[in-house]
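These notes are about the structure you will find just below.
The values are calculated or read from the model by the stated rules, or taken from the named source; none is laboratory data. Just so we're clear, the structure is a prediction, and the values are computed from it rather than from any experiment. No Cβ is skipped: glycine too gets one built from the backbone with ideal geometry, and neighbour counts run over all protein chains shown. With ligands, DNA and RNA removed, areas are computed over all heavy atoms of the protein, side chains included. Shrake-Rupley method; radii C 1.70, N 1.55, O 1.52, S 1.80 Å.
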Amino acid sequence: MIVMKFGGSSVRDAERIECVSEIIRQHLARHPVIVVSALGSTTNNLIAAGKAALQGRVDLTTIKQHHLKTAQDLGLSVTEIEPLFEDLENLLKGICLLDELSPKTLDHLVSFGERLAAIIVAAYLTMCKIPAKPFNAWELGVITNSTFGDAEISPESYDHIAAALGSLKQCYDFTPVVTGFIAKDKNGAITTFGRGGSDLTASLLGAALKVEEIQVWKDVDGILTTDPKIVTAARPVLEISFEEASELAYFGAKVLHPLSMQPAMNSNIRVRVKNSYNPGHPGTIISGDPQQNGLVKAITCKRNVTLIDIVSSRMLGQYGFLASLFQVFAKHQISVDMVATSEISVSLTLNQEQALDAVLAELGAFSRVNLGRGKAILGIVGNIKRSSEILDGTFNILHAHGINVQMISQGASKVNIGLIVEDSEVELCVKELHRYFFEDQRIAA
Ligand code: ADP
Ligand code: ASP
Ligand code: MG
């Protein structure tokens, strides 16, 4: 048994869904469980429709037309998806009337994307003589907590999924097509895992069903040495560890959901990142024991980060100071990304979008605080045993381009080195470091 997850770009329109169905046909002997994301930019379009409803405009034309056209181009009847448009329109009217779009309502709203996708893909597979059935993930028992927009999987989900799909395996004469990204909380409200969350659904199903492989199909030849949108010469990394893949995702590589490796890693199930536009390419294998071990695996960047410097001589020799400091962030439910400390100062980074006035006021009561917006984290994922070599090369390159590093963080056992630079300079850093570590033959070898 395997899990095959197809992301938004893989199921963008009728032509891509036809390709996906051929890929699935070639894997039928391995009993695939399919996970789908919303078609193309549907999630973005749903969010935009929600915001427009807040401004008094209820309009689902773009979303409706795209799904109807896709279904018609595939030769499907639209009767199965039409009721969802009614529900969607009612929801948008509700948002408009109440002038309210809470995280809970937003999760309900974006769930329509994956629900529509599962129905369309299952219907098309069935039409192609691959009998298939759509499932909303909650019908298989995927339960989360109630943190809307960033929900956490409840542990009982694993047993639920195994009971629901594991038993089907014995007698199953259809291919399950499951909605990625969405779930329900214990009260029955729809939740989501955050953007890109279908990767996490795939990993969860794979771990629950103890499959031989989890495949995530995207529009790139696997995990690349950096974002191909910044460096066209980026090339596939053939093998990578779960830890390295997680670090890449935490530090901005949009190719995987940051938490998606956890279920697969805990169950030691191999993940393969493949390209639905180039299915013959082997892609990237993510496992517990990758064979390849170069100097640097990949370079990432996380844009629009805020840097906070907290300076206080009261920190000197004082126990409990850091605890009280971090309590302020915990109280305001603000998560901290990177941290570096000295005897009298702590520097940390946060996601830029968060409102910080209250936090700054509290921190200001016991320390001097400097706030720097418009920063970026430059991440280098590589062989920690050769960190001096990596840092030597990195600083030489950055110095040669007049780039100042404002903070640095490197774990003792982790494979990631994080550097804070100005956001406006980060693309140049990525390009130059990629050239140095991957395009310059002397170093790459
Ligand atoms: P899907 O939604 O199909 O699952 P995503 O769009 O979430 O896939 O991820 C694929 C995209 O991630 C690529 O098109 C690429 O632009 C971007 N990306 C960023 N960093 C990397 C990287 N290191 N390797 C591969 N892709 C990357
Ligand atoms: N459709 C969701 C998104 O665009 C989830 C996913 O694609 O994995 O973020
Ligand atoms: Mg995605």
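Values computed for the structure shown
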{"quantity": "Residue-by-residue Karplus 3J(HN,Hα) for the stretch 190-203, coefficients 6.51, -1.76, 1.60, Hz, glycine and proline x", "calculated": "6, 10, 9, 8, x, 4, x, x, 5, 4, 5, 4, 4, 5"}
{"quantity": "Qualifying GluC sites (Glu not before Pro) in the stretch 198-290, DSSP loop, other Cβ atoms within 10 Å at most 13", "calculated": "Glu212"}
{"quantity": "Neighbourhood net charge (13 Å Cβ-Cβ; Lys/Arg +1, Asp/Glu -1) for Arg368", "calculated": "0"}
{"quantity": "Cα-based shape type of the stretch 302-438, given that a ≥ b ≥ c are square roots of the gyration tensor eigenvalues and the cut on a/c is 1.5", "calculated": "prolate"}
{"quantity": "Low-density loop cleavage sites - trypsin sites (Lys or Arg not before Pro) in the stretch 63-131, where at most 13 other Cβ are within 10 Å (DSSP)", "calculated": "Lys129"}
{"quantity": "Spatial separation of Cα centroids for the stretch 92-122 and the stretch 322-356, in angstrom", "calculated": "33 Å"}
{"quantity": "Chain lengthening between Glu139 and Ser345 when straightened (0.36 nm per residue, less Cα-Cα)", "calculated": "69.1 nm"}
{"quantity": "Under Karplus coefficients 6.51, -1.76 and 1.60, residue-wise ³J(HN,Hα) of the stretch 136-141 in Hz, glycine/proline x", "calculated": "6, 3, 5, 5, 9, x"}
{"quantity": "Within straight-line cross-link reach of Lys129, lysines at Cα separation under 24 Å, skipping those fewer than 8 residues along the same chain", "calculated": "Lys5, Lys69, Lys169"}
{"quantity": "The chain: antiparallel DSSP beta bridges as a percent of all, rounded to 5", "calculated": "60 percent"}
{"quantity": "Reach of Lys375 by Cα under 25 Å, taken over lysines that are not fewer than 8 positions away in the same chain", "calculated": "Lys229, Lys254, Lys297, Lys302, Lys331, Lys414, Lys431"}
{"quantity": "Most mobile of Ser313, Ser41, Ser241 in a GNM of the chain (Cα contacts under 10 Å)", "calculated": "Ser313"}
{"quantity": "Global form of the stretch 121-222, assessed from the alpha-carbon gyration tensor, a/c cut-off 1.5", "calculated": "prolate"}
{"quantity": "Global geometry of the stretch 1-88, whether rounded, prolate or oblate, following the gyration tensor of its Cα atoms and the 1.5 cut on a/c", "calculated": "prolate"}
{"quantity": "Full-extension gain in nm, Ala29 to Leu98, via 0.36 nm per residue minus C-alpha separation", "calculated": "19.8 nm"}
{"quantity": "Computed helical MRE - 222 nm, the chain, DSSP H runs ≥ 4 contributing -39500 (n - 2.57), nearest 500", "calculated": "-11000 deg cm²/dmol"}
{"quantity": "Label zone at Met127, where the point sits 7 Å out along the Cα-to-Cβ direction: the stretch 62-101 residues whose backbone N lies under 11 Å", "calculated": "69-79"}
{"quantity": "Rounded accessible area per residue of the chain, 1.4 Å, Å²", "calculated": "44 Å²"}
{"quantity": "Under-5 Å amide H pairs with Thr144, H placed in peptide plane, nonlocal only", "calculated": "Ser154, Lys184, Asp185, Lys186"}
{"quantity": "For Lys218, residues with placed amide H under 5 Å, excluding near neighbours", "calculated": "Lys274, Asn275, Ser276"}
